[in-house]
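Below is one structure, written out as structure tokens; comments come after it.
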Number of protein chains: 2
Amino acid sequence: MQKPSIPKGTRDFSPEEMEKRNYIFDTIRRVFYLYGFKPIETPAMENLATLMGKYGEEGDKLLFKILNSGDFLSEVDSDDFENRRLVKLMNQMCEKGLRYDLTVPFARFVTMHRNEITFPFKRFQIQPVWRADRPQKGRYREFFQCDADIVGSDSLLNEVELIQIMDEAYNRFGIRVRILMNNRKILSGIAEIIGEAEKITEITTAIDKLDKIGLEKTNEELASKGIGKEAIAKLQPIILFNGSNREKLTALKEMLAFSATGIKGVEEMEIILNKTELLEIRSEIELDLSLARGLNYYTGAIFEVKAKDVSIGSITGGGRYDNLTGVFGMPGVSGVGISFGADRIFDVLNQLELYPDPTAQRTHALFVNFGEKEENFVLPLLFSLRKAGVNAEIYPESAKIKKQMSYADANRIPYVIIAGESEIQENKVSVKNMLTGEQQTLAASKLLDYLSSQA
Amino acid sequence: MQKPSIPKGTRDFSPEEMEKRNYIFDTIRRVFYLYGFKPIETPAMENLATLMGKYGEEGDKLLFKILNSGDFLSEVDSDDFENRRLVKLMNQMCEKGLRYDLTVPFARFVTMHRNEITFPFKRFQIQPVWRADRPQKGRYREFFQCDADIVGSDSLLNEVELIQIMDEAYNRFGIRVRILMNNRKILSGIAEIIGEAEKITEITTAIDKLDKIGLEKTNEELASKGIGKEAIAKLQPIILFNGSNREKLTALKEMLAFSATGIKGVEEMEIILNKTELLEIRSEIELDLSLARGLNYYTGAIFEVKAKDVSIGSITGGGRYDNLTGVFGMPGVSGVGISFGADRIFDVLNQLELYPDPTAQRTHALFVNFGEKEENFVLPLLFSLRKAGVNAEIYPESAKIKKQMSYADANRIPYVIIAGESEIQENKVSVKNMLTGEQQTLAASKLLDYLSSQA
């Protein structure tokens, strides 16, 4: 006998949690479809050759590797074993790993299926990913990503549509958000203008921390990264930038006048903002120069969404990239994408109590079971409800009525149908509304109409 | 540069395949909800302690094991390595594995969450499972299972409801099926009556092969398994059983009169058949004594569904069990369940060309992109369509019209909206029906009405 448990960092989802999760995925999926995105799915396991080296050295360590089936020692070098060369041994014993994100599998998919795909390709993908991160509150080793990307198009209209998608999804959730936007080209321009083009990563990483550590510490960090005094001085107006998006863009235009790249970034940002103004965007869009996520990957727009009424990290992020599939030998595939963080959205909806009552998937009516004879009377009624599309059940055995009522309560079933001897004689049923406690008797033939009118 | 591939036995799903798969899962899920079943999900990874020893020695080998993160050699015994003790080494290096089916994780779930669950518990679960089987046509290393179980109730009404679910699902698919039914107790009774109670597994395995290898070989196999001549002679009428379900039950009652277990099985079967007759079951239900799937696990009814018009193995199977969770230290949990084989259903629907045209998830209208000015004219129109729930897109850049039309074709978009200079001047749009080739011009404000009326 063993007391069962599950691997740390993983979760079971109960029916109640599934209701909420399905609500999140269904909402996002519906918006993706509305904007013409199409689903794909890829296998949980990828070849390690596909995954390794794509997420940095740290990422390689966080991949879950799968032991080869059969004789997993057949390729193992005894010398590597004796000297505990872990990476070499792992490569000798494991060919496959679990996917770490949806981007690399998508790049692999595009490369392998390039001849079947019509570009621009608008795909979405909602699947779990696995990371051997240290589990902590709100961070799991198995979690879902919800990604949408358009590849094979450089048009900035794609950025605009992704902004609309984020706006629409959060509007449907009832979550008020700020959509933060930046542009890698602007960041490059700034680094160029202050004479530290090589240090763009250090600069943006430091700026990114401004909110958390304050101005003084940010400047100290910049200095510690070898950024000169003069350059830091030149950076100050940018770090402390204030004003509307348009004011920021005007200031940037002036500042970046001698950086072709920088000006390109400002122009891209302007085009995107102009287009969004033609549309009804309900979320606040904010140009945020400290936004620098995944900098080495992104080449144009960078997005991030923050909930206004809950203090939590970003709940959606994304950006434009130039070269999705180069590493797989397919050059020139540019694209732009976003990823919704389902776990954080789950937490935000919980905190703000924004979940609707998703009754559509619940049982609407439970028939009480009084035994053989009564069962035979209600079975055809039950069947007729289901035939009409009403989710309905009969308690499977003639347990005590109290137990059957508790079952209805626990499963939040709103109507309980009772047909005892007296009802059967008159071809009637009693219907109890579990919310109000009211009960009424009606002709068995009227049951469907009655329940439908109450829905 | 590497040429990417995916692990053997795994698959990518393109948007077209996703449409079909979603149709299958949505249909099954809808029927599960209709009958009051609730979804759960469990993690892809389970502790190996949960999985090992549950699927026989062969099953243990087919589990995908996950290499421990960090120093996976820390527990490894050098002596075990030198002597290539694979199982021991695997246990030292791996704590987790990928789930092999949905039954063991469900049993683990019920045990761990026993205090939160209201019994009877009607759960369904649609998730992938992984098996390191040798890949072959129609057999994959990653595939989906769709399971529904009722646990915590001995009532035969549950069996009846599962029959209804199978009948309803296949009716919705348009697949004509035979539902085969047997009962473990009847098989036990037969083994008892012919004096070979110990050999029940051998007997049913042999009978199970009758269809494939014929009567003579079946009898030879029985003899080779040590079943006596007399016993084999007594078995002949059962093997060659013919007639209606009722005739079979009458004959069995006579034959099994002196086996209490056998008679119990016959009675269970009668009750189930009587109840189904109260309902509209459209599938043929057939008592099939050669049905013996998962014999060691099942204790009562055994089910299997075969497609009538396609030659393929069983497409759904299941049965009643007495002791789901005993191995995890929770005794007395009986239940009954079924599992739909999504991959085979996929093949059957393909062969019979039964897929509906699932247009609901496709893009309904594509706006042609003629450039900046035209884009600004159509963007608000596009937005108003989406606002009304119409899946719609604009081609993201002003490519050649032929390319844009090919995109609409490839994505099976039924309507293409054209707004060039002349249309814009008159505040009109032209709508091209991609199926008929017809094109007509209408006021921009009438577009939504027009598309809705054509849906």
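The values are calculated or read from the model by the stated rules, or taken from the named source; none is laboratory data. A quick note: this is a predicted structure, and the numbers were derived from the prediction, not measured. A quick note on method: Cβ atoms are made from the backbone with ideal geometry, for glycine too, and the neighbour counts reach across all protein chains shown. All accessible areas refer to the heavy atoms of the entire protein, side chains included, with ligands and DNA or RNA removed. Shrake-Rupley method; radii C 1.70, N 1.55, O 1.52, S 1.80 Å.
Quick rundown of the values:
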{"quantity": "Mean Cβ count within 10 Å, highest first, over the residues of peptides A:407-420, B:209-222", "calculated": "A:407-420, B:209-222"}
{"quantity": "Separation of alpha-carbon centers, the range B:141-212 and the range A:436-455, rounded to whole Å", "calculated": "37 Å"}
{"quantity": "Surface accessible to a 1.4 Å probe, A:R29 within the full protein complex, Å²", "calculated": "70 Å²"}
{"quantity": "Nearest-20 debye value, the protein assembly as shown charge dipole, Cβ charges on Lys, Arg, Asp, Glu", "calculated": "120 debye"}
{"quantity": "The range B:220-234 - phi-based ³J(HN,Hα) in whole Hz, Karplus 6.51/-1.76/1.60, Gly and Pro as x", "calculated": "4, 5, 4, 4, 5, 8, x, 7, x, 4, 4, 4, 4, 4, 5"}
{"quantity": "Principal-axis tilt of helix A:342-351 within chain A, Cα atoms, nearest 10 degrees", "calculated": "60 degrees"}
{"quantity": "Pseudo-label separations to other copies for A:G226 - Cα-to-Cβ vector, 7 Å, nm", "calculated": "7.9"}
{"quantity": "Packing rank of B:337-348, A:160-171, A:55-66, where each peptide gets the mean count of other beta carbons within 10 Å, highest leading", "calculated": "A:160-171, B:337-348, A:55-66"}
{"quantity": "Total accessible surface hidden between B and A, rounded to 100 Å², 1.4 Å probe", "calculated": "9500 Å²"}
{"quantity": "Within 10 Å of each Cβ in A:421-429, the average number of Cβ atoms from other chains", "calculated": "0"}
{"quantity": "For the range A:276-348: relative contact order, % (alpha-carbon pairs under 8 angstrom, 6 or more apart)", "calculated": "22 percent"}
{"quantity": "Nearest 10 degrees, 0 to 90: helix A:15-34 Cα axis against chain A principal axis", "calculated": "60 degrees"}
{"quantity": "Peptides ranked, highest mean first, by Cβ atoms within 10 Å: ranges B:433-439, A:258-264", "calculated": "A:258-264, B:433-439"}
{"quantity": "Amide H within-cut-off set for B:L67, under 5 Å, with H built and near neighbours excluded", "calculated": "A:K65, A:I66, A:L67"}
{"quantity": "Other protein chain Cβ atoms within 10 Å, averaged over every residue that makes up A:386-399", "calculated": "5"}
{"quantity": "Pairs from A:K88/B:K8; A:K212/A:K308; B:K225/B:K253; A:K54/A:K96 whose Cα-Cα separation, in the structure shown, is over 21 Å", "calculated": "A:K88/B:K8; B:K225/B:K253"}
{"quantity": "The range A:356-401 - percent relative contact order, Cα under 8 Å, separation 6 or more", "calculated": "52 percent"}
{"quantity": "Relative contact order, percent, chain A [alpha-carbon distance under 8 Å, six or more residues apart]", "calculated": "14 percent"}
{"quantity": "Estimated inter-spin distance, A:T205 and A:E270, nm [label 7 Å along Cα→Cβ]", "calculated": "3.4 nm"}
{"quantity": "Inter-chain shielding of A:58-68 (mean C-beta neighbours from other protein chains, 10 Å cut-off)", "calculated": "4"}
{"quantity": "Given charges at beta-carbon only (K, R positive; D, E negative), |dipole| of the range B:182-265 in Debye", "calculated": "280 debye"}
{"quantity": "Links that overshoot a 28 Å alpha carbon limit, given the list A:K65/A:K209; A:K402/B:K264; A:K275/B:K403", "calculated": "A:K65/A:K209; A:K402/B:K264"}
{"quantity": "B:A410 versus B:F241: modelled label distance in nm, points set 7 Å from Cα along the beta carbon direction", "calculated": "5.7 nm"}
{"quantity": "Solvent-accessible area of B:I24 with every protein chain in place, 1.4 Å probe, in Å² to the nearest 10", "calculated": "0 Å²"}
{"quantity": "Residue-level accessible surface for A:S224, protein heavy atoms, 1.4 Å, Å²", "calculated": "90 Å²"}
{"quantity": "Helix A:103-112 axis, angle to chain A major axis (alpha carbon atoms, nearest 10°)", "calculated": "90 degrees"}
{"quantity": "In Hz, Karplus ³J(HN,Hα) per residue of the range B:58-64 (6.51, -1.76, 1.60; θ = phi - 60°; x = Gly, Pro)", "calculated": "4, x, 3, 5, 7, 6, 7"}
{"quantity": "Label-point separation, B:Q440 to B:F25 (7 Å along Cα→Cβ), nm", "calculated": "4.0 nm"}
{"quantity": "Total formal charge among the other residues, if their Cβ is under 14 angstrom from that of B:R293, Lys/Arg +1 and Asp/Glu -1", "calculated": "-1"}
